[in-house]
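**Q** Got a structure here, written out as structure tokens. Questions coming.
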Amino acid sequence: MTVDLSGFHAVKHALRFRPDLVASVTVTSFAAAAALCDELAPDVREALLARAVEGPVDHPTGVSAVALRPAVDRGVLLSRSAPLLLLDHPRHPGNAGAAVRVAAAVGASGVAVLGDLDPWHPAVLRGSAGLHFALPVLSCGLDEVVGTVVALDASGDPWNGLPDDAVLAVGSERAGLSASVRARADGVVALPMRPGVSSLNLATAASAALYAWRLGVSPPAGSAAGRGGTGHGPPPG
Ligand SMILES: C[S@@+](CC[C@H](N)C(=O)[O-])C[C@H]1O[C@@H](n2cnc3c(N)ncnc32)[C@H](O)[C@@H]1O
């Protein structure tokens with residue numbers, strides 16, 4: 001099965017992480033594409049131009065590609081050494097794409113999606129800037145998810161770190177966490193917000209929690225959450 005990648009950044013990321021899957025690249029002009037590579041990503045210049053043919057491209061950067069979808073690695077649902085992000089029935093492809101992007105950036109082990117939204121829908125791919133090729137991105141059922149589940153909710157307990165092998169669950173835009181994810185969760189935690197703010201966007205909440213893990217952010221000393229914390233993020237470097 002193939003997917004269409006629109007724009008230089010999506011093509012660049014696919015070439016960086018899975019050049020073997022990028023079947024063809026279309027550019028409006030070889031010279032303009034080469035100049036973009038020189039300016040923004042010299043590391044993919046050779047791979048991009050080697051696959052390029054000139055033709056019409058419906059993107060302002062003048063670059064698009066067709067890539068094969070990677071084989072689904074469902075092993076990430078069973079065990080992992082970095083958190084798995086679990087999106088609980090997301091509705092908006094752009095939010096799911098933004099969540100994939102931050103999960104890739106932070107070094108999460110993958111992104112799993114509950115519900116009807118196809119995580120490989122073109123609009124989700126646009127939102128991730130092609131970073132679907134950097135980590136496993138898949139649909140799953142809740143019963144397939146093994147391990148400690150830490151769920152995010154604005155009314156949860158104080159942040160207490162995230163174990164490296166945890167599943168971080170984030171609720172949907174309007175409904176928040178589903179009853180089944182809430183029941184499955186080993187803990188429900190909140191990211192502190194200023195009074196008056198009711199919630200963060202789901203990708204923003206995922207980003208804050210994953211970066212807290214990545215940076216090894218601990219609960220404030222002396223806070224209830226600071227006693228007996230669990231996760232410490234990855235080793236430095
Ligand atoms: C837009 S919010 C959902 C708002 C929804 N109306 C509700 O009642 O939960 C989307 C998801 O982001 C996460 N989230 C947003 N703000 C959060 C916060 N301050 N602390 C923890 N999680 C948060 C939660 O997982 C939430 O389900």
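Nothing in this text is a laboratory measurement; each read-out follows from the coordinates by a stated rule. Fair warning: this is a prediction, and the values are worked out from it, not measured in the lab. Heads up, the Cβs are rebuilt from the backbone with ideal geometry, glycines too, and the neighbour counts pull from every protein chain shown.
**Q** Can you find, among Val63, Ala82, Phe17, the residue sitting farthest towards the positive end of the charge dipole of segment 1-111, where Lys and Arg contribute +1 and Asp and Glu -1 at Cβ?
**A** Ala82
**Q** Which net charge results for the neighbourhood of Ala108, defined as the other residues with beta-carbon distances under 15 angstrom from its beta-carbon, given Lys and Arg at +1 and Asp and Glu at -1?
**A** 0
**Q** Return P(r) of segment 1-136 (all Cα-Cα pairs; 10 Å bins starting at 0; whole %; ordered from short to long distances).
**A** 13, 43, 31, 12, 1
**Q** Please label the shape of segment 27-105 as rounded, prolate or oblate, based on the square roots a ≥ b ≥ c of the eigenvalues of the alpha-carbon gyration tensor (a/c under 1.5 means rounded; beyond that, a/b larger than b/c means prolate, else oblate).
**A** In terms of gyration-tensor shape, prolate.
**Q** Of the options Pro42, Gly147, Ala96, report the single residue whose Cα projects farthest towards the positive end of the charge dipole of the chain (beta-carbon charges: Lys, Arg +1; Asp, Glu -1).
**A** Comparing the listed Cα positions along the dipole, Gly147 ranks first.
**Q** Would you mind pulling out the separation of the Cα centroids of segment 66-101 and segment 1-15, in Å?
**A** Value for the Cα centre distance between the two parts: 17 Å.
**Q** Still on this model: What percent antiparallel are the DSSP beta bridges of the chain, to the nearest 5?
**A** Among the beta bridges of the chain, antiparallel pairing accounts for roughly 30 percent.
**Q** Also: Working only with C-alpha atoms, what are the Rg and Dmax values of segment 136-200, expressed in angstrom?
**A** Reported Rg and Dmax, both Å: 12.4, 37.
**Q** For segment 1-45, compute the orientation-averaged projected area of the C-alpha convex hull (one quarter of its surface), in nm².
**A** Average projection, Cα convex hull of segment 1-45: 3.1 nm².
**Q** Dimensions of the chain along principal axes (Cα, Å, largest first)?
**A** If we take the Cα atoms of the chain, the spans are 60, 37, 35 Å.
**Q** Then there's this: From Cα coordinates alone, what are the radius of gyration and Dmax values for segment 62-116 in angstrom?
**A** 12.7, 40
**Q** In a shell of Cβ-Cβ distance under 14 Å around Asp20, excluding Asp20 itself, what net charge do Lys and Arg (+1) and Asp and Glu (-1) give?
**A** +4
**Q** Roughly how tilted is helix 8-17, in degrees to the nearest 10 and between 0 and 90, from the longest Cα axis of the chain?
**A** 70 degrees
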